[in-house]
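Here's the structure we're looking at; comments come further down.
The values are calculated or read from the model by the stated rules, or taken from the named source; none is laboratory data. Here the structure is a predicted model, which means the values were calculated and not measured. Backbone-built Cβ (ideal geometry, glycine too); neighbour counts: all protein chains shown. Heads up: the accessible areas ignore ligands, DNA and RNA and are worked out on the full protein's heavy atoms, side chains in. Shrake-Rupley method; radii C 1.70, N 1.55, O 1.52, S 1.80 Å.
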Amino acid sequence: MAERPEDLNLPNAVITRIIKEALPDGVNVSKEARRAISQAASVFVLYATSCANNFAMKAKRKTLNAGDVMAAMEEMEFERFLQPLREALEAYKKGQKGKKEASEQKRKDKKKNGTEENDKSRDEEEDEHMDEEQDGENEGDEEDVEN
């Protein structure tokens with residue numbers, strides 16, 4: 001756990017960005033108000049985590065999952081946020097799936113290209129070896145002709 005209460009606060013840059021996105025242009029927020037929002041957000045996160053942890057403990061698990069967070073939101077009477085949270089979670093899962101598929105495809109392409117390059121290298125080496133052998137044979141032929 002954190003040693004000081006300040007360690008539990010969310011980063012000011014994150015809070016400032018969220019505030020700017022939530023408010024219309026031209027609205028200013030004082031430093032004191034940003035600090036209050038930051039502390040409120042931190043308290044909310046801690047409370048939601050504690051409630052979600054209770055659901056995980058009831059299920060005899062040590063790992064919190066999305067279902068625990070959803071149940072905690074409902075228990076905290078934040079039902080109106082459940083649908084946007086579900087949508088955000090679904091978008092996150094789709095994004096992660098897309099990243100995973102892209103990574104696998106990249107790895108397959110790299111492996112395929114690596115195999116093709118290895119095949120080309122082997123072919124080139126074989127061609128060079130064949131040329132050397134032919135040169136060696138031709139040199140022997142020339143010696144026979146000279147004698």
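Summary value for the range 48-117: 21 percent relative contact order, contacts being C-alpha pairs under 8 angstrom separated by 6+ residues. Of the whole protein surface, residue 30 contributes about 70 Å² of accessible area at a 1.4 Å probe radius.
Here residue 82 and residue 41 are evaluated by their C-beta separation; at R0 = 30 Å the FRET efficiency comes out at 0.95. Taking 7 Å steps out from each Cα toward its Cβ at residue 108 and residue 54 produces label points 4.7 nm apart.
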